[in-house]
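Take a look at the structure below.
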Amino acid sequence: MFVGALELDVLLGDVQSLKQKRSAVRPVLAELRRRYEVAVAEAGHHDLHRRALIGVAAVSGDATHVRDLLDSCERWVADRPDLELLSAHRRLLGPEDEAGD
């Protein structure tokens, strides 16, 4: 089993309040879930109205599939005109990684 995690730090467009931020981020999260069937959440920058940290996670029996899926999610966010992707960090855990019992 392989678990992939992707952390996307994004700058939002014309957002002036935390309420507007929620309205801008919620559809992005919903579309990532629908389009790529991944787990996704706003994972940071909760108190900043123009920044969002989006966390994406995927699980598969194939490492290549997880990498391709996370690449697609990153590309989709980067191509959105209403967001600026500031950074992307990923981690892939597989059978060789140490697990706690």
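Any residue at all in the stretch 58-70 that's under 17 Å from D82 (Cα atoms), surrounded by 14 or more Cβ atoms within 10 Å (Cβ to Cβ) and within 13 Å of the chain's Cα centre (by Cα)?
No, there is no match, as no residue in the stretch 58-70 is under 17 Å from D82 (Cα atoms), surrounded by 14 or more Cβ atoms within 10 Å (Cβ to Cβ) and within 13 Å of the chain's Cα centre (by Cα).
Please specify each residue of the stretch 24-43 satisfying the condition of being loosely packed, with under 12 Cβ neighbours inside 10 Å and out of contact with any helix residue (DSSP H, G or I) (no Cβ under 9 Å at 6 or more places or on another chain).
R26, P27, A30, R34
Only one of (1) over 13 Å from the mean Cα position of the chain (by Cα); (2) surrounded by 16 or more Cβ atoms within 10 Å (Cβ to Cβ) is not met by L92, so which one is it?
(2)
Mind listing just one residue for me: the one in the stretch 1-21 that is loosely packed, with under 15 Cβ neighbours inside 10 Å and among the charged types (D, E, K, R) and, of those, nearest to W76 (Cα to Cα)?
Out of the qualifying residues, it is D14.
Kindly indicate whether S72 is at pLDDT 95 or above, of a type in the set (G, A, S) and not in a loop (DSSP other than H, G, I, E, B).
yes
What number of residues within the stretch 1-43 satisfy the criterion of being assigned to a helix (DSSP H, G or I), of a type in the set (G, A, S) and touching a strand residue (DSSP E or B) at 6+ places or on another chain (Cβ under 6 Å)?
1
The values are calculated or read from the model by the stated rules, or taken from the named source; none is laboratory data. Treat the numbers as computed from the prediction; the structure is a model and nothing was measured. Glycine also receives a Cβ, built like all others from the backbone with ideal geometry; neighbour counts cover every protein chain displayed.
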